[in-house]
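Read through the structure below, which is laid out as structure tokens, and then see the notes.
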Amino acid sequence: MTSRIQYLVTAAVAALVLICGVSTSIAQTTSPVFRNWMNPDVADAWAKGYKGQRTTITVIDDFTSGSRFTGNLGTGSLLQRHGEWTRLEASMIAPLATMKSQSFYSGTTVSLATGLNVLNLSYGMYARGTYTLNQLAWSAQESSIINYAKNGRAVVVKAAGNDGVAIGSNNSAGNKDFLNLALAGTQSAIYVGALTTNGTVANPAGLASYSNRAGTNTAIQSHFLVVGVDSSKTGMAGTSFAAPIISGYAAILGSKFTTATPTQITNQLLNTARKDTLLNYNAATYGMGEASLSRALAPLTIR
Amino acid sequence: MCLGLALGLFAAWLSPAMAQDQQVAIHLVDMAQDSELSATAAALADGWYDESAATRITGYELADGTWVPFANWYRTDWPDTRVDMLTQFGEDFGLLWGFSTGERGEKYTIDPSLRIGFVAQAHPSTNSLLSLTVRAIAWGDLNEKTCEGDYGDIGGVQTVNCRLAATFLPPEETLQYLAHAEPNRLHISLTYSASF
């Protein structure tokens, strides 16, 4: 079958550039600054000194194509590639996490570092919806990612997609994101949908019109989170920019619970999500709810 | 509860003279609920100001959203109360002695203390007075208690600092920040007064 990589933030598909083994690490040295698109929980995390240290976020994305677009995450207007944006966003949430980048054109196995690994997937693998999952032949890259999620070796954070449909459904072009389907039922995958803004009890947020929703499959509902992607503040929309927030949260959780497994980190984020900050909450739309970093860090009971 | 019992120099004559040529008198010098350590414990209930969030942190939410205020842990029905007595030997020397009751809240204790010292005075001239007061305090430490935090599958049950259990510190590291304070162990005062 034929498959193609589709950016979740744009409909454009860049020409494939094969660069084998592209993987770079970036050390974060600047002091973090709270930006207005972030949830206030993030500032609390930094105030306590927890910024994702001892964890690694690997961003698998486009770092090589000629396709760039403008946005502003609070550091000034920039013209960057898709992967450069998602990497920057995740690093801004968890500024002391070790950031690794892998071009999604490489197709090579994603390597894991020591400590907690978080893989950020702000892309999908689309094919005609008439195919079935077992007809696909995955590259070493996606095979390794799917296996990490199945075996609980890394927190795999997957942007839900921007087709405005339930995960697993065909989009308007009759295509389906098979990477979403392949991650269904795995132990350490998280799908991330986009809210129009960060929700509060006083001002509950709704799902962005473009964002895919959890749907009726309970295996997906139970691994689906939403976070605010306020395009009025950043100039960028799409679930591509929801996933890096959860990647950062997972890294910060890993800083606190230093012996937790990727599956435990995943479940903690899922089980502590809020429903009272969402407009007309229902599981088919919002899955487990809006991720809450502060609740994920809190004990169940204290006495 | 704070009774505000600062009485100042009460100077009650509690005991008659023991011998005709050397009178020994016992005075109640002071009785008060103004312990610095009580204030320290009360401050724990006030939490801290988080500059990044521009708000005062006075509690936190558990994972299910239940609000846990610090105030319940650091309040007491009986504030630390001190009683200072003076046993006077002659005109210019007295033994200071006393105690404090200590204080107890759900998550802290202030131990009772023993207070002992002396006051001596001299008269450099007919209208002046030089006075030396020395007082030592034994025990009376403030110690914050720990909590048992249940972090579920991700972290299990861990002994933690109650106030910091929901912060971004690893649970075991929160124990480094348990409050501990000691009273001012030694107080020395030298005063000179003259009347014109």
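The values are calculated or read from the model by the stated rules, or taken from the named source; none is laboratory data. These numbers were taken from a predicted model, which means no experiment stands behind them. Cβ placement follows ideal geometry from the backbone for every residue including glycine, while neighbour counts extend to all protein chains displayed. Heads up: the accessible areas ignore ligands, DNA and RNA and are worked out on the full protein's heavy atoms, side chains in. Shrake-Rupley method; radii C 1.70, N 1.55, O 1.52, S 1.80 Å.
Given a 1.4 angstrom probe, I'd like the percentage of the accessible area of region A:70-179 that is carbon and sulfur, rounded to a whole number.
Values: 1720 of 3640 Å².
The value for region A:70-179 is 47 percent carbon and sulfur by accessible area.
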With a/c under 1.5 counting as rounded, go ahead and sort region A:62-155 into rounded, prolate or oblate using the C-alpha gyration tensor (a ≥ b ≥ c being the square roots of the eigenvalues; past the cut-off, prolate if a/b is larger than b/c, else oblate).
oblate
Which residues of region A:261-303 show a drop of at least 30 Å² in accessible area when all protein chains are present, compared with their chain alone (probe radius 1.4 Å, heavy atoms only, ligands and nucleic acids excluded)?
A:Gln264, A:Gln268, A:Arg295, A:Leu297, A:Ala298, A:Pro299, A:Leu300, A:Thr301, A:Ile302, A:Arg303
Can you give the accessible area per residue of chain A, in Å², using a 1.4 Å probe?
36
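Taking only protein heavy atoms into account and a 1.4 Å probe, give the accessible area per residue of chain B in Å². Write out the running numbers ahead of the final one.
On the way: 10640 Å² over 196 residues.
The answer is 54 Å² per residue.
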Mind grabbing the interface size between B and A? I mean buried accessible area, both sides, 1.4 Å probe, in Å² to the nearest hundred.
2600
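Which entries in A:Lys233/B:Lys107; A:Lys150/B:Lys107; A:Lys150/A:Lys233; A:Lys150/B:Lys145; A:Lys51/A:Lys176; A:Lys150/A:Lys176 show an alpha-carbon gap greater than 32 Å? All intermediate terms of the calculation are to be shown ahead of the outcome.
Numbers: A:Lys233/B:Lys107 44 Å; A:Lys150/B:Lys107 44 Å; A:Lys150/A:Lys233 36 Å; A:Lys150/B:Lys145 42 Å; A:Lys51/A:Lys176 36 Å; A:Lys150/A:Lys176 21 Å.
Violating the 32 Å limit, Cα to Cα: A:Lys233/B:Lys107; A:Lys150/B:Lys107; A:Lys150/A:Lys233; A:Lys150/B:Lys145; A:Lys51/A:Lys176.
Going from most exposed to least, what order do A:Trp46, A:Trp85, B:Trp78, B:Trp67 have by accessible area with a 1.4 Å probe? Write out the running numbers ahead of the final one.
Numbers: A:Trp46 25, A:Trp85 0, B:Trp78 100, B:Trp67 135 Å².
Reading off the accessible areas and sorting them downward yields B:Trp67, B:Trp78, A:Trp46, A:Trp85.
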In region B:61-80, accessible area falls by at least 40 Å² from chain alone to full assembly (1.4 Å probe) for B:Glu61, B:Leu62, B:Ala63
Roughly what would the spin-label model give for B:Asp50 and A:Ser111, points 7 Å off Cα along C-beta, in nm?
3.8
Distance from a point 7 Å along Cα→Cβ of B:Ala39 to each backbone N in region B:134-170: keep the residues under 16 Å and list them by number.
B:142
Between beta-carbons, use under 15 Å as the cut-off and find the net charge around A:Thr261, counting Lys and Arg +1, Asp and Glu -1.
+3
Can you work out the PRE-style zone for A:Asn203? Point 7 Å along Cα to Cβ, and I want the residues of region A:231-249 with backbone N under 13 Å.
A:231-233
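Using a 1.4 Å probe over the heavy atoms of the protein chains, calculate the carbon and sulfur portion of the accessible area of chain B as a whole percent.
Working: 6200 of 10640 Å².
Using a 1.4 Å probe with all protein chains present, chain B comes out at 58 percent carbon and sulfur.
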Can you run phi through the Karplus equation (6.51, -1.76, 1.60; θ = phi - 60°) for region B:73-89 and list ³J(HN,Hα) in whole Hz, with x for Gly and Pro?
8, 10, 10, 9, 8, 9, x, 3, 10, 10, 10, 10, 10, 10, 9, 9, 10
Area accessible to solvent at A:Ser232, 1.4 Å probe radius, in Å²
100
Straight-line reach from A:Lys275: which aspartates and glutamates have Cα under 14 Å away, leaving out those fewer than 8 places along the same chain?
A:Glu290, B:Asp64
Dividing the Cα convex hull volume of region B:24-194 by residue count, how many Å³ per residue is that?
138
Express in whole angstrom the spacing between the alpha-carbon centres of region A:258-274 and region B:156-196.
34
Computed about the Cα centre, the charge dipole of region B:97-196 from +1 Lys/Arg and -1 Asp/Glu charges at the Cβ has a magnitude in debye, to the nearest 20, of 740
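Quantify how much of the Cα-Cα distance distribution of the protein assembly as shown extends past 28 Å, in percent.
Details: 74719 of 124251 pairs.
Cα-Cα pairs of the protein assembly as shown separated by over 28 Å account for 60 percent.
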Under the 7 Å Cα-to-Cβ spin-label approximation, B:Glu91 and B:Leu186 lie apart by a distance in nanometres of 3.1
From the gyration tensor of the Cα coordinates in region A:4-297, what semi-axes in whole Å does the equivalent ellipsoid have, largest first, with each one equal to sqrt(5λ)?
24, 22, 19
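So how do A:287-297, B:177-187, A:145-155 stack up, highest first, on mean other-Cβ count within 10 Å? Don't jump to the answer; show the numbers that get you there.
On the way: A:287-297: 24.4, B:177-187: 13.8, A:145-155: 21.2.
Listed from highest to lowest mean packing, they are A:287-297, A:145-155, B:177-187.
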So what's the back-of-envelope 222 nm ellipticity for chain A, counting only DSSP H runs of four-plus at -39500 (n - 2.57) apiece and dividing by all residues, rounded to 500?
-7000 deg cm²/dmol
Using helices alone, I'd like the mean residue ellipticity at 222 nm for chain B: each DSSP H run of four-plus residues gives -39500 (n - 2.57), total over residue count, nearest 500.
-2000 deg cm²/dmol
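Which order do you get for B:Lys145, A:Lys100 if you rank them by accessible area with a 1.4 Å probe, largest at the top?
Values: B:Lys145 75, A:Lys100 25 Å².
The most accessible residue leads, giving B:Lys145, A:Lys100.
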